[in-house]
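Read-outs throughout are calculated quantities, based only on the coordinates presented, and are distinct from any laboratory measurement. Computed from a predicted structure; not experimentally measured. Virtual Cβ from ideal backbone geometry, glycine too; neighbours counted across all protein chains shown.
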Amino acid sequence: MKRLFFSPRGHSPLERLVRALLLGGVFALAIVAYQKHFDHVIEQAEAEGTIADPGHILTGEDRAQVLGAAQDLRRRYGLDLRLRLGGTPKPPSPDDPGTVWVYLDPECRNSRVVAPALVASALPESLLNDLGGGHMDAACREGRSREGVLGALGVFIDALGHAAGRGKGVQHE
C-alpha cells in the first residue's frame, strides 16, 4: 500500500506517532501565532481612530490609559470613545449613536463631551456640559490640559458606572 505524501516516515509506529504529533504541534503553533498577530493588528486599527492629539498633550502612558478606558467602554457598554485634543472638532454623527466624543478646545473656551442620547439621559442632567465647559476648559486655562482631559474622562466613566449600577438596582454612595 502506498503512503500519502504527508504521512510521517519512521521506522516504528511509535516514531511515526511522535512525528505526526510534532508536525501537528507546529501547525497549531503557527495558527495561534497568526491569530495573536491579527488580533493585535485589529486592536491597533481600532485604537488608531480613538485618540487624535496633534499637540502631544498626552504622554505615552496616558495614551495607554485612555486606550484601556476605550476598550473597557467598548466591552462593558458597547460605546466607542473618540478623544480629540485640539484641531478641528468633527461633530458627532447622528448615524453613529454608539460613540462618545471628548473634544479639548486649545483656546480653552469650547471643550465638550458628547454622548449618545440614551447614555446622556442616564447621566446627571448637566454632567456633560460641566465636564466640557467647566472641568476641561478650567484646567486648560490653568495650563493643565492633560489633567483636565484625564479627569473628565475618569468622571464620565465613573458616572456611567453609577448609572449602570442604578439600572441594575445597585446603590452607590
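Here is how the numbers come out for the structure above:
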item: Cα-derived Rg to Rh of segment 11-85, Kirkwood definition; result: 1.35
item: R0 of 35 Å, Cβ-Cβ distance residue 30-residue 71: FRET efficiency to nearest 0.05; result: 0.80
item: Estimated FRET transfer efficiency when R0 is 41 angstrom, pair residue 155-residue 42 (beta carbons, to 0.05); result: 0.85
item: Rounded to 5, the percent of DSSP beta bridges in segment 55-131 classed as antiparallel; result: 35 percent
item: Estimated distance in nm for a label pair at residue 126 and residue 88, the labels positioned 7 Å out from Cα along Cα-to-Cβ; result: 3.3 nm
